[in-house]
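*Asks:* Quick one: this structure, given as structure tokens, is what I'll be asking you about.
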Amino acid sequence: MNILCDTSFLMVLVTKPIKLVDKLVMQYGKINFLIPEVVIEELKNLVNNPSYKSSQSAKTVLELTKKFEIINTKRLHYTDDSILDYAINYKCAVATMDKNLIQRLISSKVTVFSLRNNKLLSVNP
């Protein structure tokens, strides 16, 4: 299963350990985390953020993204729109912490992964 990761998910991922990934692999099969190029751009902007914590987290995430597949998406006005468009057209899930994006994904019948209590959980539409 391909899972598209947004910036909010990646930023939380570097600060909290994930549990129950093995359970999801058993349920969905091999999981491939995909990072949209537009998310890489957001992370690069966050590196220049005056908030030291955000800047350091973004640097760490950028290092981690080298281990994942970076994909091109349509460049729409908002990053969330690009993620939603890609997820619908390529039938992949999305990992996010963004409540508004989660609602948009669910209403578009896209599977969503999010973290709760350090556990990666899925929400099937």
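*Asks:* State yes or no: is residue 104 in contact (Cβ under 8 Å) with a residue 12 or more places away in the chain and not in a helix (DSSP H, G or I)?
*Replies:* On the way: in contact (Cβ under 8 Å) with a residue 12 or more places away in the chain: yes; not in a helix (DSSP H, G or I): no.
No.
Quick grid of which residues meet (1) of a type in the set (Ser, Thr, Tyr); (2) out of contact with any Gly (no Cβ under 8 Å at 6 or more places or on another chain); (3) without any contact (Cβ under 8 Å) to a residue 40 or more places away in the chain; (4) over 17 Å from residue 1 (Cα atoms):
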{"position": "34", "(1), (2), (3), (4)": "no, yes, no, no"}
{"position": "41", "(1), (2), (3), (4)": "no, yes, yes, yes"}
{"position": "63", "(1), (2), (3), (4)": "no, yes, yes, yes"}
{"position": "75", "(1), (2), (3), (4)": "no, yes, yes, yes"}
{"position": "84", "(1), (2), (3), (4)": "no, yes, yes, no"}
{"position": "95", "(1), (2), (3), (4)": "no, yes, no, no"}
{"position": "109", "(1), (2), (3), (4)": "no, yes, yes, no"}
{"position": "113", "(1), (2), (3), (4)": "no, yes, no, no"}
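*Asks:* Name, by its number, the condition in (1) over 12 Å from the mean Cα position of the chain (by Cα); (2) surrounded by 14 or more Cβ atoms within 10 Å (Cβ to Cβ); (3) in a helix (DSSP H, G or I); (4) free of Cβ contacts under 8 Å to residues at least 24 places away in the same chain that does not hold for residue 57.
*Replies:* (4)
*Asks:* Could you tell me which residue of region 78-101 is surrounded by the most Cβ atoms within 10 Å (Cβ to Cβ), considering only residues that are not in a helix (DSSP H, G or I) and not aliphatic (A, V, I, L, M)? Working first, answer last.
*Replies:* Restricting attention to region 78-101, the residues satisfying the condition of being not in a helix (DSSP H, G or I) are 78, 91-98.
Checking the rest, the ones that are also not aliphatic (A, V, I, L, M) come to 78, 91-92, 96, 98.
On the way: 78: 10, 91: 12, 92: 18, 96: 25, 98: 19.
Result: 96.
*Asks:* Additional query: What number of residues in region 71-125 are among the basic types (Lys, Arg) and either in contact with a Cys (Cβ under 9 Å, 6 or more places away or on another chain) or under 16 Å from residue 12 (Cβ atoms) (or both)?
*Replies:* Here is the first cut: in region 71-125, the ones among the basic types (Lys, Arg) are 74-75, 91, 99, 104, 109, 116, 119.
Still in the list and also either in contact with a Cys (Cβ under 9 Å, 6 or more places away or on another chain) or under 16 Å from residue 12 (Cβ atoms) (or both): 99, 116, 119.
Of the residues in that region, 3 qualify.
*Asks:* Another one. Filter region 22-54 down to the residues that are part of a loop (DSSP other than H, G, I, E, B) and surrounded by 13 or more Cβ atoms within 10 Å (Cβ to Cβ) and list them by number.
*Replies:* If we filter region 22-54 for residues that are part of a loop (DSSP other than H, G, I, E, B), which is where we start, we get 29-31, 48-51.
Matches in region 22-54: 31, 49.
Taken together, the values in this text are just the output of simple stated rules run on the coordinates, not laboratory data. Here the structure is a predicted model, which is why all the values come from computation and not from measurement. Note: ideal-geometry Cβ built from the backbone for every residue, glycine included; neighbour counts use all protein chains shown.
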